[in-house]
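Report on the following structure.
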Amino acid sequence: MDVEILARFQFAFTVAFHYIFPPLSIGLGVLLVIMEGMYLKTKNPLYERMTKFWVKVFGLTFAIGVAGGIVMEFEFGTNWATYSRFVGDVFGSALAAEGIFAFFLESGFLAVLVFGWDKVSPRVHFFSTIMVSLGSMLSAVWIVVANSWQQTPAGYHIVGEGLNARAEITDFWAMVFNPSSMERLSHVLSGAWLAGAFLVISVSAYYLLKNKHLDFAKQSMKIALGLALFASLFQLFTGHQSAIGVSENQPAKLAAYEAHFDSSASAPLYLFGWVDEQKQDVKFGVAVPGLLSYLLYGDAKREVTGLNAFNPEDRPPVNIVFQAYHLMVAIGFFLIAISILSIIYLKRNKLFETRWLLWVLVFSVLGPQIANQIGWIAAEVGRQPWIVYGLLRTSEALSKVVEANQVIFSLILFFVIYSSLFVLFIYLLNEKIQHGPEQPDTIASEYKKQKGVLKY
């Protein structure tokens, strides 16, 4: 089997597993800040219970995420040595900043967040919660900056030739604020907020269906739904801005998103279909005439560059990019719809008794995870055949000495280890969910009776 395909599949598998957890940590971090902030403001012990429960889930996702992400750095050296040499100066700066300003911040204050409830004052503990949440988002900043530089390189020059060629930073801030970094960062963060919000929504809906921890579940649901609605609408906005950026900086990728082969005015936007790349046709497709041109340029008759404007060797695989992109968009609209519908039912005091909707919310936790994964597939496969867009091809980035049997052997080992980690994560998460919050719901009920004595 081809070494390049194996190495790409191995890295894709590694990243896909790792990317389950950072979005959950980022989203849960924001919710922890909201919950603990409400506890400090109201002194309602229910919010303290909520924070303590979700801190445990946050700690679990953080631990598994760290364990699953370490391997990727070694893969750069073992399988992608030429790539590592080429981007080392750029990635070294970004990843060093991620370690110093993000990971150390998050992991340092995590100990106070998890173990410091009775060791520090409430305000110091809340400050630690904020720092952990900020650290998780700063980590995303530097990772996205590094990845975005691969998509839209800026602030560099090339030193050396041939196998010794490498990109060297000439302007650090131009590298950081490359043409796609900020729009991609906002899209990634909104997807992470959705992942955390719908995990809380899912568990809360499960408790409501089982008639357990009712006060806890209702308040958790309300807070998470607020974040879900904001993040889903923000995701729509950031996704649109990102697509406009792709049309300007990576037109071949944009053409693959919509299976747009011939440059033409009034370019249609497909709702769904199946791409026949040989015949350059979309089978079973339903398209809205001129909508792609209108969304990109505000003009339904404006020409959009097609794939045939590029040499065949410079075009990405079309069908996989098309399907991943359209499924991601479809899930995005579903999350908007389910968030709005749930809030409507909540305002009418019907949400907590509407079992069919609660069951939908239980399984909605899969939506952001699937969308995050396939969105990554659309973005990364869509930039092929380039590993650094316009500068270094994926086929040229491989280590020259790595062999197929070595990659297969390590891939099997990674599969066994990651499968074990995933089973462990699901087992421990289920244990925490089944155990529920530490204190019984009667505490919140007693608190309500004392509203005349305690300040709510």
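Counting the residues of the range 9-45 that are under 23 Å from Ser419 (Cα atoms) and not hydrophobic (A, V, I, L, M, F, W, C) gives 7.
Counting only helices (runs of 4 or more DSSP H) wholly contained in the range 361-456, the ones carrying 1 or more residues that are at pLDDT 90 or above and surrounded by fewer than 13 Cβ atoms within 10 Å (Cβ to Cβ) occupy 366-382, 404-435. Here is the figure for the range 247-271: residues that are free of Cβ contacts under 8 Å to residues at least 40 places away in the same chain and surrounded by 23 or more Cβ atoms within 10 Å (Cβ to Cβ) total 1. On the stretch given as the range 222-265, residues that are in a helix (DSSP H, G or I), among the hydroxyl-bearing types (Ser, Thr, Tyr) and more than 17 Å from the chain's Cα centre (by Cα) total 2. Based on this model, can you work out whether Phe198 counts as modelled with pLDDT of 95 or more and surrounded by 19 or more Cβ atoms within 10 Å (Cβ to Cβ)? Against the criterion (modelled with pLDDT of 95 or more and surrounded by 19 or more Cβ atoms within 10 Å (Cβ to Cβ)), Phe198 qualifies. Of the residues that sit in the range 285-303 and are within 20 Å of Phe333 (Cβ to Cβ) and touching a strand residue (DSSP E or B) at 6+ places or on another chain (Cβ under 6 Å), which one is surrounded by the most Cβ atoms within 10 Å (Cβ to Cβ)? The qualifying residue surrounded by the most Cβ atoms within 10 Å (Cβ to Cβ) is Leu292.
If you check Leu40, Leu46 for being part of a helix (DSSP H, G or I), in contact with an Asp or Glu (Cβ under 8 Å, 6 or more places away or on another chain) and farther than 24 Å from Ala16 by Cα, only one passes: Leu46. The residue that is nearest to Ile387 (Cα to Cα), among those in the range 33-83 that are of a type in the set (Phe, Trp, Tyr) and in contact with a strand residue (DSSP E or B) (Cβ under 9 Å, 6 or more places away or on another chain), is Tyr83.
Consider Lys301 carefully, then state whether it is at pLDDT below 85 and either at negative phi or part of a strand (DSSP E or B) (or both). Working first, answer last.
Working: at pLDDT below 85: yes; either at negative phi or part of a strand (DSSP E or B) (or both): yes.
So Lys301 passes the test.
Please indicate, with yes or no, whether at least one residue in the range 137-153 is touching a strand residue (DSSP E or B) at 6+ places or on another chain (Cβ under 7 Å) and either over 21 Å from Asn372 (Cα atoms) or among the polar types (S, T, N, Q) (or both). Break it down stepwise before answering.
Restricting attention to the range 137-153, the residues satisfying the condition of being touching a strand residue (DSSP E or B) at 6+ places or on another chain (Cβ under 7 Å) are 150, 153.
Restricting the remaining residues to those that are either over 21 Å from Asn372 (Cα atoms) or among the polar types (S, T, N, Q) (or both) gives 150, 153.
Yes; the residues of the range 137-153 include at least one that is touching a strand residue (DSSP E or B) at 6+ places or on another chain (Cβ under 7 Å) and either over 21 Å from Asn372 (Cα atoms) or among the polar types (S, T, N, Q) (or both).
Scanning the range 304-316 for residues that are touching a Phe, Trp or Tyr at 6+ places or on another chain (Cβ under 8 Å) and part of a loop (DSSP other than H, G, I, E, B) yields a single hit, Gly306.
In the range 350-385, of all residues being closer than 15 Å to Ala7 by Cα and not charged (D, E, K, R), the one that is farthest from the chain's Cα centre (by Cα) corresponds to Pro385. Residues considered: Gly27, Gly68, Gly99, Gly77. Of these, the only one that is crowded, with 21+ Cβ neighbours inside 10 Å and under 30 Å from Ala167 (Cβ atoms) is Gly68.
Can we say Leu295 is touching a His at 6+ places or on another chain (Cβ under 9 Å), aliphatic (A, V, I, L, M), within 26 Å of Thr152 (Cα to Cα) and part of a helix (DSSP H, G or I)?
For Leu295, the condition - touching a His at 6+ places or on another chain (Cβ under 9 Å), aliphatic (A, V, I, L, M), within 26 Å of Thr152 (Cα to Cα) and part of a helix (DSSP H, G or I) - is met.
Candidates are the residues of the range 30-56 that are β-branched (Val, Ile, Thr) and more than 21 Å from the chain's Cα centre (by Cα); the one that is surrounded by the fewest Cβ atoms within 10 Å (Cβ to Cβ) is Thr42. Give me the residue from the range 201-238 that is hydroxyl-bearing (Ser, Thr, Tyr) and closer than 30 Å to Thr152 by Cβ and, out of that set, surrounded by the most Cβ atoms within 10 Å (Cβ to Cβ). Among them, the one singled out is Ser232. For the range 210-221, the candidate set comprises residues that are in contact (Cβ under 8 Å) with a residue 12 or more places away in the chain and assigned to a helix (DSSP H, G or I); within that set, the residue that is farthest from Glu36 (Cα to Cα) is Leu214. Residues that are within 11 Å of Val90 (Cα to Cα), of a type outside the set (A, V, I, L, M, F, W, C) and surrounded by fewer than 23 Cβ atoms within 10 Å (Cβ to Cβ) do not occur anywhere in the range 174-183. Counting only helices (runs of 4 or more DSSP H) wholly contained in the range 60-158, the ones carrying 1 or more residues that are closer than 24 Å to Leu421 by Cα occupy 104-115, 122-151.
When every residue of the range 105-117 is checked against the conditions, at least one turns out to be over 20 Å from the mean Cα position of the chain (by Cα), buried (at least 19 other Cβ atoms within 10 Å of the Cβ) and aliphatic (A, V, I, L, M).
The values are calculated or read from the model by the stated rules, or taken from the named source; none is laboratory data. Remember, predicted model here, so these are calculated numbers, not experimental data. Glycine gets a Cβ as well: all are built from the backbone with ideal geometry, and neighbour counts include every protein chain shown.
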